[in-house]
Every structure is written in C-alpha cells, then in structure tokens.
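Everything below concerns the one structure shown next.
The values are calculated or read from the model by the stated rules, or taken from the named source; none is laboratory data. Remember, predicted model here, so these are calculated numbers, not experimental data. Note that each Cβ is placed from the backbone with ideal geometry, even for glycine, and that neighbours are counted across all protein chains shown.
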Amino acid sequence: MAEIAVVGAGLMGHGIALVLALGGHAVRLVDSRLETLDAVPGLMASALATLQGAGAAPDGWSADRLAAAVRLSQDLASAVDGASLVIEAITEDPEAKRGLFSELDRLCADDAVIASNTSYLDVFPLIPAMRQPRAVVAHWYTPPYIVDLVDVVPGPETLPEVVAGIRDLVVGLGQVPIVLKRFVPGYVANRIQSAITAEVHHLLDAGYATPREIDDAIVHGLALRIPILGHLAKADFTGLDLQRRALANASYSPPPPRTRSDSLDALCAEGRTGVMAGRGYFDWGGRDPAELFRDRDRKLLALKAALRTIGRMEGT
C-alpha cells in the first residue's frame, strides 16, 4: 500500500506509525491536538533508539529519516487524501468513532480501506453502509513496535480480499496476524487477559494475596511456560485426562462479572494511577516514566530475542 494514514497520534497511533514506517511505508499521522503531535518526534526517536540498541531495527534509520517518513498533520482532509489505507486509532468512545467514520466516508477515496484499532468496541455498526465492504479491524497491542500480535477481524460485509490485504500487510511488517472469523469484543488475547484481571481483582479485594504475591505467581508460574507452550499445548503436556477431571470436579468457580474493584478504586482515589503518576499497585521510586518505559522495552526486546533462540514447542 503506497500511502497509509493513521488517525490519532496518541499512545497507540504513533507506535503504529513507527511500525509502518520501519516496514517501508509512507505514513501520514494526523491528530487534532497540537500538543500530541509535538510529542511524537521525541517519542518515536526514543522508541527507535531502544530498538536499535537491541538490534531490532532495520539498518539505515535515524530520527531524521523517521521524521521524514512519518508526516505529521492536524488536517484530516489532507492526511487521508489519496491514502489507500486509513487506520483509526482514536479514543474508545463510540460517538467519537462514529463522527470520525462519517468524516472519513466524506473524505476518503471510494476504494480506500478503513481499519480500526479498536480494542473492545464493535465499530462496524458505526461505519457508513457504503464503507462496510472495505472496513476491517486491525488491532495492535502496546507497545506495537515490540508486541507482534495484530488482530485482523472482518465485519459482516467485509470483502475477503480486504482481510487478506491487511493480513499480508501485517506479515510484511514482520508481525503475527490472528484472523478471526467474526467480531467478538476483546478478540482472543484481551479476553483471556480480562479473565485474569477479574480473578486478580477478586484475590486482591478478598485479601487472599498481595500485588507482589500475585505478580510473582504469574511471572514464576504462568509466564515461564506460556511463551514456550501457549495454553493448549501446555494442557497437552499436563494431560487432557487431568484437565477433564478438574472440570468434572468443579473445584474452581470463577468470580462473578464485576464493573469495579475496591482495591482499584482505593488506589485511584489516592492518585496512585500507575507509572505516569509514579505509583500504582507498586511504588516506582520517583523514576522518570520515560526511563521506566525504556527499561520495559529493553527487557521485552531481550526476552523476544531469547525466545527466538529457544523456539516454541509446537504440534500440528
């Protein structure tokens, strides 16, 4: 695809633009907020430096070349004019998305593909009818320049060739597309993560374990095996007869669905909202959030490199 426009330059939008640019695409990144656009060159340059430090960036890139490859704009009309693919990466608000899709319907070429980076919203009812055959979900994970998974999801009327084109684009970026048959909120990874989050809130609110104990159980128990086996291959190694007996014994009852958590509400009331605030479930020691994000990214890249060397256990 010759020209790709990304609408929304926030946390996900500028990361997606970076991935596309490093993959050899000309990118137009548009946002209505000047302060958001002003932060983009520094954020992308920092992410590029982290990738280069880990040997995970293509050769020949610099901050100047990246700035030339990703053109910034506040004007939606000029940004999407002639773009063959437009990726929507704005806030998860249905009315904001509906308004944007209406504008894109007016401004985009008839044959343009409109892709949404939505995480949970079913955006297809929000997209004008004429655009439905060339509308699709393309959902990246944060940070998109490190996490390779991309959900590709058709709507009820999406043309097969549109799905195939987005899948091929993702593969060409060196990432991993998961093509779903139809939309389901959260797709696969986020749905599993939501189930984990519900259980974690239950354990915290009921006082069964501390945040540190829960994270230790995940890191030293779940996470050690999942990168090598996934979940279903891990079940094969454990034995499906054991899993079948565990289901029959009904020894585990998941917590009921919830829309709030006492422990989470208490933290937010104290202003402990996470890394950007310096404290969340943990105290981050007054370190600069940018430093913490760089440290996270370096560790993720080192883990990816190690996993490529180790390889997965895969059946057929």
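Key figures
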quantity: Residues within segment 1-58 that are assigned to a loop (DSSP other than H, G, I, E, B) and hydroxyl-bearing (Ser, Thr, Tyr), tallied; calculated: 1
quantity: The listed residue being in a strand (DSSP E or B) and either of a type outside the set (Ser, Thr, Tyr) or outside the structural domain of LEU18 (by TED's automatic domain parsing) (or both), out of ARG71, ARG106; calculated: ARG71
quantity: Test: PRO58 is free of Cβ contacts under 8 Å to residues at least 40 places away in the same chain and either small (Gly, Ala, Ser) or farther than 30 Å from LEU292 by Cβ (or both); calculated: no
quantity: Candidate set: segment 267-316, residues that are of a type in the set (Lys, Arg) and over 21 Å from LEU11 (Cα atoms); chosen: the one nearest to the chain's Cα centre (by Cα); calculated: LYS304
quantity: Residues satisfying the stated conditions in segment 175-193, i.e. under 20 Å from GLU92 (Cα atoms), touching a Phe, Trp or Tyr at 6+ places or on another chain (Cβ under 8 Å) and surrounded by 15 or more Cβ atoms within 10 Å (Cβ to Cβ); calculated: PHE183, GLY186, ASN190
quantity: Residues of segment 241-287 satisfying the condition of being out of contact with any Pro (no Cβ under 7 Å at 6 or more places or on another chain), in contact (Cβ under 8 Å) with a residue 60 or more places away in the chain and not basic (Lys, Arg); calculated: SER261, SER263, LEU264
quantity: Residue list for segment 176-214, filter: aliphatic (A, V, I, L, M) and out of contact with any strand residue (DSSP E or B) (no Cβ under 9 Å at 6 or more places or on another chain); calculated: ILE192, ALA195, ILE196, ALA198, VAL200, LEU203, LEU204, ALA206, ALA209, ILE214
quantity: Any hit, segment 248-258, residues being surrounded by 12 or more Cβ atoms within 10 Å (Cβ to Cβ) and of a type in the set (Gly, Ala, Ser); calculated: no
quantity: For GLY23: the one exception among (1) without any contact (Cβ under 8 Å) to a residue 60 or more places away in the chain; (2) surrounded by fewer than 20 Cβ atoms within 10 Å (Cβ to Cβ); calculated: (1)
quantity: In segment 112-128, residue nearest to GLY165 (Cα to Cα) [restricted to those that are part of a loop (DSSP other than H, G, I, E, B) and hydrophobic (A, V, I, L, M, F, W, C)]; calculated: ALA112
quantity: Search result, residues across segment 171-180 that are of a type outside the set (Gly, Ala, Ser) and touching a residue at least 12 places away in the same chain (Cβ under 8 Å); calculated: LEU173, GLN175, VAL176, PRO177, ILE178, VAL179, LEU180
quantity: Of the criteria (1) farther than 23 Å from VAL152 by Cβ; (2) assigned to a loop (DSSP other than H, G, I, E, B), which one GLU92 fails; calculated: (1)
quantity: Some residue of segment 129-143 being crowded, with 22+ Cβ neighbours inside 10 Å, of a type in the set (Phe, Trp, Tyr) and not in a loop (DSSP other than H, G, I, E, B); calculated: yes
quantity: In segment 145-174, the residues that are buried (at least 18 other Cβ atoms within 10 Å of the Cβ) and in contact with a Pro (Cβ under 9 Å, 6 or more places away or on another chain); calculated: VAL150, ASP151, VAL152, PRO154, GLY155, THR158, VAL162, VAL163, ILE166, LEU169, VAL170
quantity: Test result for LEU300, in a helix (DSSP H, G or I), surrounded by 13 or more Cβ atoms within 10 Å (Cβ to Cβ) and touching a residue at least 24 places away in the same chain (Cβ under 8 Å); calculated: yes
quantity: Residue, surrounded by the most Cβ atoms within 10 Å (Cβ to Cβ), within segment 72-122, restricted to residues that are closer than 30 Å to SER194 by Cα, of a type in the set (Asp, Glu) and touching a residue at least 40 places away in the same chain (Cβ under 8 Å); calculated: GLU88
quantity: Of the criteria (1) within 16 Å of the chain's Cα centre (by Cα); (2) β-branched (Val, Ile, Thr); (3) modelled with pLDDT under 95, which one ILE226 fails; calculated: (1)
